[in-house]
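What follows is a single structure, written as structure tokens, with notes after it.
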Amino acid sequence: MAIHRESIHGQWSNRWAFILAATGSAVGLGNIWKFPYITGENGGGAFVIVYLLCIATIGIPIMIAEVMIGRHGRKSPINTMRDTAVSEGRSPHWQLLGWSGVLAGFFILSYYSVIAGWALSYIYPAGAGSFNSVTADGVASIFNNLVSSPESLIVWHSLFMIMTMAVVARGVKEGLEKAVRYLMPALFALLLLLVGYAMNSGAFAEGAKFLFEPDFSKLTANSVLVAMGHAFFTLSLGMGAIMIYGSYLPQDASIAKTSITVAIADTVVALLAGLAIFPIVFANQLETAAGPGLIFQTLPIAFGQMPGGSFFGMLFFIMLALAAWTSAISLIEPAVAWLIENKGISRARACMWFGLATWLLGLGTVFSFNIWSEVTLFGKTFFESLDYLASNIMLPLGGLAIAIFSVWIMHTQTVRNELAMKNEFSFKVWHFLTRYVTPVAVIIVFLNVVGIIKLS
Ligand code: PHE
């Protein structure tokens, strides 16, 4: 007999609401801010290929596994992992996976909010025409003025945290579902517009070549790890965000189909962002490896030159902030749901406490760009260390544990019932990938980076 639980936190209205919410979680700063800048830092084409391979062979199978576990457990990831492990006759210690997810979400949101603050801070200047005919040097100085001021960064970071907490405090359906319904299509349209501009900017071919022509000599063991880490980050995997969204998924929705739809949408957005940004980088002789400021130093040039640029520029930064918002919400939902379930406190209070702690940790990122920019650990600032630890280590480890749990720990019959795939062959493919390919791939990438094995 299949067990079907209900979530106390509510449920999505239908499959589409889940697709929108999960896409809202997946599509965010990871696609538009992080993907272009890490692609630039890691040499372009070859990195993009590894990233795409990771999405297909690691990301999609784990996403299906994570949604499946979430819908089966119907609780916060910590309790879902514990209950599912126990009902499958295994150790309740599997709940540790939920804990590491809460911690990863806490780390990620702390810097995510600071960067989202950058987007917020660009809305007004874009609309007021500050980017009109601006030169590359001009945008660089606008950006440097922003990040060198801890006060400004704190104001925008605080505003973004308040926005996030306000939505999460309202709960699943009221807050989350409405926020994403119009946002995703609008963001998509704006990106297409930017790609259209990039096509006419003169350096489109060069940009596309950088993005798609692989030069494997530029690929290091560390860039392979970064590509894999990013596959987890961009699909919101390995920390329980997609698991908790899965726990609000109606019982009759197909998990595999919805997951694949979300992964494709997410990948298309990232590639469009790359196609919009690199032609501008080349047309203006900018550095591909400019780092976290890349989009903030390139896109304003485009807006400054195109007709209606103030309007579109303003719209773009609004969309970017909104996309970050719908991702941020999912970063804290696992922790908030746990606080409600186990501590019996209200949603609003849970948001307040968790939000406050995250805000405080975010100050470390704020200072990484100014007063602490020289303070480094293994050559990385506080922000870079936190991102590296969360994205490249915690998420892949969490994802590995999810893969192992779903195919080695849970009974195949339970999984089969939950996934309810009509096509037996598809189930077998997923099961095989998740059982062998995915874990082995993740482990190889880890061993490769610590130098135990050599891929190249
Ligand atoms: N996927 C989000 C992005 O690309 C970030 C995120 C990571 C959200 C992990 C939730 C969990 O911006």
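The values are calculated or read from the model by the stated rules, or taken from the named source; none is laboratory data. Everything numeric here is computed off the predicted structure, so don't read it as measured data. Don't worry about glycine lacking a Cβ; one is built from the backbone with ideal geometry, like all the others, and counts go over all protein chains shown. These area figures cover heavy atoms from the full protein model, side chains too; ligands, DNA and RNA do not enter into them. Shrake-Rupley method; radii C 1.70, N 1.55, O 1.52, S 1.80 Å.
From the list 376, 381, 414, the lone residue that is of a type in the set (Val, Ile, Thr) and under 23 Å from the mean Cα position of the chain (by Cα) is 381.
Taking region 242-263 as the range and being among the hydrophobic types (A, V, I, L, M, F, W, C) and more than 15 Å from residue 16 (Cβ to Cβ) as the test, the residues that pass are 242, 243, 244, 256, 263. The C-beta contact set for region 155-176 (first residue farther than 25 Å from residue 249 by Cβ and of a type in the set (Lys, Arg), second residue assigned to a helix (DSSP H, G or I) and modelled with pLDDT of 90 or more, distance under 8 angstrom, 6+ apart or interchain) is empty.
Only one of 333, 287, 341 is at negative phi, open to solvent by less than 10 Å² (accessible area, probe 1.4 Å) and charged (D, E, K, R); which?
Values: 287 fails: open to solvent by less than 10 Å² (accessible area, probe 1.4 Å); 341 fails: open to solvent by less than 10 Å² (accessible area, probe 1.4 Å).
None of the others qualify; the one that does is 333.
When the residues of region 290-303 are filtered to those that are of a type in the set (Gly, Ala, Ser) and open to solvent by less than 10 Å² (accessible area, probe 1.4 Å), which remaining residue is farthest from the chain's Cα centre (by Cα)? Restricting to residues being of a type in the set (Gly, Ala, Ser) and open to solvent by less than 10 Å² (accessible area, probe 1.4 Å), the top hit is 302.
Touching a Phe, Trp or Tyr at 6+ places or on another chain (Cβ under 7 Å) and loosely packed, with under 15 Cβ neighbours inside 10 Å: which single residue out of 250, 185, 150 fits that description? After applying the criteria, what remains is 250. Residues considered: 229, 238, 196. Of these, the only one that is more than 28 Å from residue 397 (Cβ to Cβ) and among the small types (Gly, Ala, Ser) is 196.
Considering only region 340-428, give the helices (runs of 4 or more DSSP H) lying wholly within it that have at least 1 residues that are basic (Lys, Arg).
Here the list reads 347-368, 412-419.
Checked against (1) closer than 24 Å to residue 234 by Cβ; (2) in contact with a Gly (Cβ under 8 Å, 6 or more places away or on another chain); (3) of a type in the set (Phe, Trp, Tyr), residue 338 meets all criteria but (1). The residue of region 85-103 that is farthest from the ligand (Cβ to nearest atom), among those that are closer than 17 Å to residue 241 by Cβ and either open to solvent by less than 10 Å² (accessible area, probe 1.4 Å) or charged (D, E, K, R) (or both), is 98.
Restricting 415, 440 to residues that are under 30 Å from residue 86 (Cα atoms), away from the ligand (no atom under 16 Å from the Cβ) and surrounded by fewer than 15 Cβ atoms within 10 Å (Cβ to Cβ) narrows the list to 440. Just to be sure, is residue 22 modelled with pLDDT under 95, within 12 Å of the ligand (Cβ to nearest atom) and not acidic (Asp, Glu)? Yes, satisfied. Taken over region 188-219, residues that are open to solvent by 70 Å² or more (accessible area, probe 1.4 Å) and either at pLDDT 95 or above or more than 22 Å from the chain's Cα centre (by Cα) (or both) amount to 11.
Residues of region 104-141 being in a helix (DSSP H, G or I), polar (S, T, N, Q) and open to solvent by 10 Å² or more (accessible area, probe 1.4 Å), which ones?
Once the filter is applied, which keeps residues that are in a helix (DSSP H, G or I), polar (S, T, N, Q) and open to solvent by 10 Å² or more (accessible area, probe 1.4 Å), region 104-141 yields 121, 141.
Kindly provide the set of residues from region 105-132 that are small (Gly, Ala, Ser) and more than 16 Å from the ligand (Cβ to nearest atom), ordered by number.
Listed by number, the residues that qualify are 121, 126, 127, 128, 129, 130.
Looking at region 254-280, which of its residues are away from the ligand (no atom under 16 Å from the Cβ), buried (at least 23 other Cβ atoms within 10 Å of the Cβ) and either without any contact (Cβ under 8 Å) to a residue 12 or more places away in the chain or farther than 19 Å from residue 294 by Cβ (or both)? Selection gives 255 alone.
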